[in-house]
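*Asks:* Quick one: the structure is below, and I'll ask about it shortly.
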């Protein structure tokens, strides 16, 4: 070896020997690589879940009721748009992009390629999760465990239940002669709706939107009753029926009508249509022909 | 002795694998890259040779500590250039001072490579001296200067530059195009000497 100034290589080798410098173990890099991929995967799944919740929020009856609520398309879109989940989706997309870009070969791909893969993967994954009802379950679980979180049902209620603006939403708990009772369990309110058209096919348990005028003491005069379509086969969270004596509200007049209807039922017209949106195990009511809903109470079917 | 002779015939990638358990193999790699990396560090940061040697030492130590991260997905040359690049940039930012008068070391190959490039048309009647090129390179944005150094002085191809700078090859091509454009603009607008 030359006696001249030590080469850099020699100096480094001496330092390695003197200071016992040792290579970082291979498992450290393997673990880091696994961590990066797992993080990317988690962000992707979270992004897909966000997309499924966006689809969930925008599906259902929200758009159909825009005309009833009287908003413009733009205004309505602003109200029903799930901005929280859109923001979450964007956040998860950035997270996935960051993670994938830090894989061994991630840097070789242009930004738009990675972004497109993440976007398409999230949308497809989100659609699949929504089809499997994962979005619905997630919405309910979040609503149960996070008081601040507004489930779809709650958001619908906030959107549509505006008594002061002439809109009431709730589930029918009782159908009387000339009134129905609605329960809105989101706001924990019970309303008596008067002036309900007897021709309407109404069933206990059905969720309705009533357009009309607010009166005093939780009363409301109906001008229009809209039975809300079920979301994926059910009215979201089913309202438990208030157990009441079938005859607790009956006066002498009601009693006479009931007895008349019992007689009619015995000779029932087989072509009489069943009311729509009937649920099994709910009380079934016949609709009269003289502008009022008449009650005919039956025992609930045993399960 | 025989083993050392056998090792010197091995490829960089093979030696890197051996170096995980044998510092002597790493020593061979260091000797192979010492002059190239020293020149690169000096061109990148425009510092003195002594300072560049310190940075090179630090780069080699980092490379040895992380030798187990080299897995062959890129060439050893790109891998070690990347470590030298990062160490140089990091040290240069810490110092935050560019010594006056230290210009990028430009040799004939830079001008030849640049002239051979179809994108940059340098007319034959233009007298371009090494000092002119040094001055212009010094005026360029850092990212453009770095890429011109890698391409025309270190003779790296697009894939190697992509691995060194950790950028997609398409981005490398775009950066290089812009770098050449800026170089040409400054060349055309330079004051007449």
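*Asks:* How large are Rg and Dmax for segment A:1-129 when calculated on the C-alpha trace, in angstrom?
*Replies:* Using the Cα atoms of segment A:1-129, the pair Rg, Dmax is 25.8, 95 Å.
*Asks:* Using only alpha-carbon positions, what ratio does the radius of gyration of segment B:31-80 give when scaled by 2.2 N^0.38 Å?
*Replies:* Rounded to two decimals, the normalised Rg is 1.19.
*Asks:* Compute the projected area of the convex hull of the Cα atoms of segment A:96-217, averaged over all viewing directions, and report it in nm² to one decimal place.
*Replies:* Mean shadow area of the hull around the Cα atoms is 11.9 nm².
*Asks:* Mind pulling the per residue volume of the convex hull built on the Cα atoms of segment B:127-180? Å³ is fine.
*Replies:* Per residue, the Cα convex hull of segment B:127-180 comes to 75 Å³.
*Asks:* Under the definition of partner shielding as Cβ atoms of other protein chains within 10 Å of a residue Cβ, what is the mean value for peptide A:8-19?
*Replies:* 6
*Asks:* While we're here: What is the mean number of Cβ atoms from other protein chains located within 10 Å of the Cβ atom of each residue in peptide B:55-68, rounded to a whole number?
*Replies:* Average per residue, whole number: 4.
*Asks:* Which value results for Rg/Rh of segment A:171-215 when Rg is the Cα radius of gyration and Rh the Kirkwood radius based on the inverse mean 1/r?
*Replies:* A ratio of 0.92.
*Asks:* Please compute the contact order of segment A:1-139 in relative form: average sequence separation of alpha-carbon pairs under 8 Å and at least six residues apart, divided by the residue count, as a percent.
*Replies:* Once divided by the residue count of segment A:1-139, the mean separation gives 38 percent.
*Asks:* At a 10 Å Cβ-Cβ cut-off, how would you order A:188, A:261, B:141, B:163, fewest neighbours first?
*Replies:* Going from least to most buried by this count: A:188, B:141, A:261, B:163.
*Asks:* For segment A:56-147, list log₁₀ I(q)/I(0) at each q in 0.15 Å⁻¹, using the Debye formula over Cα point scatterers of equal strength and ignoring solvent, two decimals each.
*Replies:* -0.79
Rule-based calculations on the coordinates, nothing more; no lab input. Small disclaimer: the values here were computed from a predicted structure and weren't measured. Don't worry about glycine lacking a Cβ; one is built from the backbone with ideal geometry, like all the others, and counts go over all protein chains shown.
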